[in-house]
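What follows is a single structure, written as structure tokens, with notes after it.
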Amino acid sequence: MRLRPLIVLAATCLATAPPLAAQTWRSLTSARQRHGEAELAVTVNYVAGEFRLSAAPEGTLYRMDLRYDEDRFTPLREYDAVGGRLLLGVRGVGNHVNLVDRRKGDPVPTLDVQLAPDVPLTLNLDLGAVRSQVDLGGLALRSVRYRTGASETSLRFSRPNTVRCSELRLEAGAAAFHAWSLGNANCRSVHFEGGVGDVTLDFSGTWQGVMDADINVAIGTLTLMLPRDAGVAVHLSRLLASFDQSGLQRRGDTYYTAGYERAARRLVLDVSAAFGGINVVWTGPAR
């Protein structure tokens, strides 16, 4: 007879116990076909997990594949056909997200986004503690803003941008940030703002005329990969940061490649670095 209260108590505990972690995880796919859209402003908000972005097959306006914990996140998939705006990603439940208490054995949150290659895009990526694999190659990008926090980023332009881009703005906190083939972005100006970390900026690719790049790195190592067939000028401001000037000739406060004035295309870098080192790597054939 003494066992009965214990049995009732155990049943009550089971009934009121929180669900297991695996029971809160959900998968969601959202997609839309193209219907004559002339342009699109895309915003992606993603707080934590793994993030991938690439070009969609022709005829697809967008596709999103999301795996998320519904106890902590609410999916975002809002499309305004009249205003030409698309919002994808997640929002924290209760407008807050605790990134520290992720339970051991939980699946990894993931977000995969594909965007139309033939619709001119204004792209805004707002990411948190995210491991990113982003390939913007082949997209029609009018402007790009990429902001991330404590993260690991691989950003690539594997193919040339199909339209002229006004600005590529990159912002990273405490991060390992690697951007490849930035010349293919076909942007008039590139801005990079970095806090602490290991940064690689590869300016190989194709562009016309002059590309300007403002680069500000607080603490860490900055590697500049520069094409040999372009005229390169580097304006440098540094504090306790070493600089590898091989392949460049100093004139006043600026370093130039030989024959800079005669180059068919030019890259002008304004670099500011505090603590760390600035390395230069030359890529591709000489002009």
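The values are calculated or read from the model by the stated rules, or taken from the named source; none is laboratory data. Quick caveat: nothing in here was measured; it's all calculated off a predicted structure. With ideal geometry, Cβ positions are generated from the backbone for all residues, glycine too; neighbour counts draw on all protein chains shown.
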- Note on the structure: Across (1) modelled with pLDDT of 95 or more; (2) out of contact with any Leu (no Cβ under 9 Å at 6 or more places or on another chain), V8 clears everything bar (1)
- (1) under 22 Å from D198 (Cβ atoms); (2) without any contact (Cβ under 8 Å) to a residue 12 or more places away in the chain: which one isn't true of M225, the others all being true? (2)
- Message: Can you find, within the stretch 74-110, the residue that is modelled with the lowest pLDDT among those that are among the hydrophobic types (A, V, I, L, M, F, W, C) and over 20 Å from R34 (Cβ atoms)?
- Response: V100
- Query: Considering the stretch 146-159 alone, what residues qualify as being crowded, with 17+ Cβ neighbours inside 10 Å and farther than 17 Å from E50 by Cα?
  - Reply: F157, R159
- Query: Which condition number in (1) surrounded by fewer than 20 Cβ atoms within 10 Å (Cβ to Cβ); (2) without any contact (Cβ under 8 Å) to a residue 24 or more places away in the chain is the one that G259 fails?
  - Reply: (2)
- Residue that is farthest from V196 (Cα to Cα) [pool: residues in the stretch 231-255 that are surrounded by fewer than 16 Cβ atoms within 10 Å (Cβ to Cβ) and among the hydroxyl-bearing types (S, T, Y)]: S246
- Message: For the structure I just gave you, tell me whether G277 is in contact (Cβ under 8 Å) with a residue 12 or more places away in the chain and within 19 Å of G183 (Cβ to Cβ).
- Response: no
- Item | Failed item, numbered, when V113 is tested on (1) over 26 Å from G92 (Cβ atoms); (2) β-branched (V, I, T); (3) modelled with pLDDT of 95 or more | (1)
- Message: Given the condition of a type in the set (G, A, S), modelled with pLDDT of 95 or more and at positive phi, answer yes or no: does some residue in the stretch 181-197 qualify?
- Response: yes
- Query: Can you spot a residue in the stretch 60-69 that is of a type outside the set (S, T, N, Q), outside any strand (DSSP E or B), within 21 Å of the chain's Cα centre (by Cα) and closer than 21 Å to V144 by Cα?
  - Reply: no
- Query: Of the residues in the stretch 160-174, how many are more than 19 Å from S54 (Cβ to Cβ) and more than 11 Å from the chain's Cα centre (by Cα)?
  - Reply: 5
- For the stretch 185-194, indicate whether the set of residues that are in contact with a Gly (Cβ under 6 Å, 6 or more places away or on another chain) and either part of a strand (DSSP E or B) or among the aliphatic types (A, V, I, L, M) (or both) is non-empty. no
- Message: I need the full set of residues from the stretch 190-230 which are buried (at least 20 other Cβ atoms within 10 Å of the Cβ) and over 23 Å from G138 (Cβ atoms), in order please.
- Response: G194, G197, V199, I215, V217, G220, L222, L224, L226
- Among the residues of the stretch 262-287, which ones are modelled with pLDDT under 90 and either closer than 20 Å to R188 by Cα or not small (G, A, S) (or both)? F275, P285, R287
- So which residues in the stretch 245-267 are part of a loop (DSSP other than H, G, I, E, B) and on the phi < 0 side of the Ramachandran plot, if there are any at all? Q245, S246, L248, D253, T257, A258, A263, A264, R265
- Task: Scan the stretch 163-189 for residues that are within 22 Å of E39 (Cβ to Cβ) and either of a type outside the set (A, V, I, L, M) or touching a helix residue (DSSP H, G or I) at 6+ places or on another chain (Cβ under 6 Å) (or both) and report the count.
- Result: 11
- Looking at S154, S166, which one is among the small types (G, A, S), at pLDDT 95 or above, assigned to a strand (DSSP E or B) and closer than 15 Å to L139 by Cβ? S166
- Message: With modelled with pLDDT of 90 or more, surrounded by 16 or more Cβ atoms within 10 Å (Cβ to Cβ) and not small (G, A, S) as the only criterion, which of L28, L53 stands out?
- Response: L53
